[in-house]
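Q: Before I ask anything, let me first share the structure, which is written out below as structure tokens.
Taken together, the values in this text are just the output of simple stated rules run on the coordinates, not laboratory data. As the structure is a computational prediction, the values presented were derived from the model and not from experiment. Cβ sites come from the backbone with ideal geometry, for glycine too, and all protein chains shown count toward neighbours.
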């Protein structure tokens, strides 16, 4: 299971390369991705803090910018979509450790 450490209100980016059977998924096949964790859900279709990059083979996220995010430990579920799988494919579980980060 992948573990991500994110900081409430911070711009830190995390990237997940989409692999299937050890190989990167085909270019521009993935059309959408969403990550649900706790009571939160970020979706490439509606949120600017999650997006597909590198020919849709990487999911880039700024989870710390999620509206109303509270520090804590969460179990996340990444779902990806393509033209043939419009209801989504359960892709991977992600442990998300959300921390506060005090600034001056």
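Q: Please count how many residues of the stretch 1-25 are more than 13 Å from the chain's Cα centre (by Cα) and touching a residue at least 12 places away in the same chain (Cβ under 8 Å). So that I can check it myself, show each step before the final result.
A: Of the residues in the stretch 1-25, the ones more than 13 Å from the chain's Cα centre (by Cα) are 1, 7-11, 19-25.
From what's left, touching a residue at least 12 places away in the same chain (Cβ under 8 Å): 1, 7-11, 24-25.
So the count comes out to 8.
Q: Something else about it: Hey, residue 66 hits all of (1) closer than 20 Å to residue 88 by Cα; (2) free of Cβ contacts under 8 Å to residues at least 40 places away in the same chain; (3) in contact with a strand residue (DSSP E or B) (Cβ under 6 Å, 6 or more places away or on another chain) but one; which does it fall short on?
A: Among (1) closer than 20 Å to residue 88 by Cα; (2) free of Cβ contacts under 8 Å to residues at least 40 places away in the same chain; (3) in contact with a strand residue (DSSP E or B) (Cβ under 6 Å, 6 or more places away or on another chain), residue 66 violates only (1).
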